[in-house]
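Student: Take a look at the following structure, please.
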Amino acid sequence: MPLPDTMYCAQQINIPPQLPDILKNFTKAAIRTQPTDLLLWSAEYFSALSKGECLPVKDRLEMNVATQKTDTGLTPGLMKTLHKQLSPRQTCSKEELQKKWKGLCLPMDQLETLLSLGSFGSDIHWMDFFALGCSALGGTLMSSLKFACEILTEDEEGGAARIPFNTFVKLYTYLARLDGDMPQDHINTFLSSLQAQVNKQNGMIQVSNFYISRK
């Protein structure tokens, strides 16, 4: 005897009470982040959500300055997201970085270029890689440090973009030495020229300080 057709009504369908908020937050995150591969990013998003990890999500929508035919690659917003995901520990594994990078739909050849430039092994000192990532954004040493300050600062957007001077020293020294053409005495002289301003700001430095010193 054939089974009767099953009839469904609203009372028979059990919708988990958390589902509307989960889908709402996911949709907002996708709009802000604008992943180039939505399915790949979605898998990373829900994997991180299920594990209570930092989500692969930008703080806000970034305007795409590239044409649609050009791979935008790393952006300040994506660099900030990577920093949130990987900075809690001082080091991360190469495999972990590759996973997070891929989860943000970033081009793997760009990552391999940065890893090669920094001569990184299986364990990566995060702030060294962060500095290299900022150099990919900035092009020049000073513009790279500007991006670093704007990403790391706890000031409100559009503010002074201050960071601790000791953090700035580590980033500047790493990038300057990596350049290979900058002698140590030049590095020391430049950092010393900032000290007076830093002392006035309780050990902090802001973008305008080191741009003024370069004039």
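Student: For the chain, report the % of Cα-Cα distances exceeding 29 Å.
Tutor: 38 percent
Student: Ordering MET204, MET63, MET79 by accessible area with a probe of 1.4 Å, largest first, what comes out?
Tutor: From most accessible down to least: MET63, MET204, MET79.
Student: What Rg and what Dmax come out for the stretch 154-215 when only alpha-carbon atoms are used, in angstroms?
Tutor: Looking at the stretch 154-215, its Cα Rg and Dmax stand at 12.1, 36 Å.
Student: Under a point-charge model restricted to the Cβ atoms of Lys and Arg (+1) and Asp and Glu (-1), what is the dipole moment magnitude of the chain relative to its Cα centre, in debye to the nearest 20?
Tutor: Approximately 400 debye in magnitude.
Student: Normalised by the residues of the chain, what does the relative contact order come to in percent, with Cα pairs under 8 Å and at least six apart?
Tutor: 14 percent
Student: Leaving ligands, DNA and RNA out of it, report the carbon-plus-sulfur percent of the accessible area of the stretch 71-212 at a 1.4 Å probe.
Tutor: Reported share for carbon and sulfur atoms: 50 percent.
Student: Right, something else. For the pair THR27 and MET182, how long in nm is the line joining their label points, each one 7 Å along Cα→Cβ?
Tutor: It works out to 4.7 nm between the two label points.
Student: Next question. Take LEU141, LEU19 and sort them by solvent-accessible surface of the protein heavy atoms, 1.4 Å probe, largest at the top.
Tutor: Largest accessible area first, the residues go LEU19, LEU141.
Student: Starting from the amide H of THR91, placed 1.01 Å from N in the peptide plane, find each other amide H under 5 Å away whose residue is 5 or more places distant or on another chain.
Tutor: TRP126
Student: Further question: With runs of 4+ DSSP H residues as the only contributors, calculate the mean residue ellipticity of the chain at 222 nm using -39,500 (n - 2.57) per run, divided by the residue total and rounded to the nearest 500.
Tutor: Value at 222 nm, helices only, nearest 500: -18000 deg cm²/dmol.
Student: Rg and Dmax in Å for the stretch 101-215, alpha carbons only: what are they?
Tutor: Just the Cα atoms of the stretch 101-215 yield Rg and Dmax of 14.8, 43 Å.
Student: Counting GluC sites (Glu not before Pro) as exposed when in a DSSP loop with at most 12 other beta carbons within 10 Å, what is the longest stretch of the chain free of them?
Tutor: The longest uninterrupted stretch comes out as 54-153.
Student: Here's a follow-up. Just GLY121, GLY103, GLY138 to compare: in a GNM of the chain, with alpha carbon springs under 10 Å, which one fluctuates most?
Tutor: Top of the fluctuation ranking is GLY121.
Student: So how many Å³ per residue does the convex hull of the Cα atoms of the stretch 78-134 work out to?
Tutor: Once divided by residue count, the hull of the stretch 78-134 is 67 Å³.
Student: Another question, then. Which value, in Å², gives the accessible area per residue of the chain when a 1.4 Å probe is used on the protein heavy atoms?
Tutor: Per-residue accessible area for the chain comes out at 62 Å².
The values are calculated or read from the model by the stated rules, or taken from the named source; none is laboratory data. These numbers come from a predicted model, not from an experiment. All Cβ positions, even for glycine, are placed from backbone atoms using ideal geometry, and neighbour counts span all protein chains on display. Heads up: the accessible areas ignore ligands, DNA and RNA and are worked out on the full protein's heavy atoms, side chains in. Shrake-Rupley method; radii C 1.70, N 1.55, O 1.52, S 1.80 Å.
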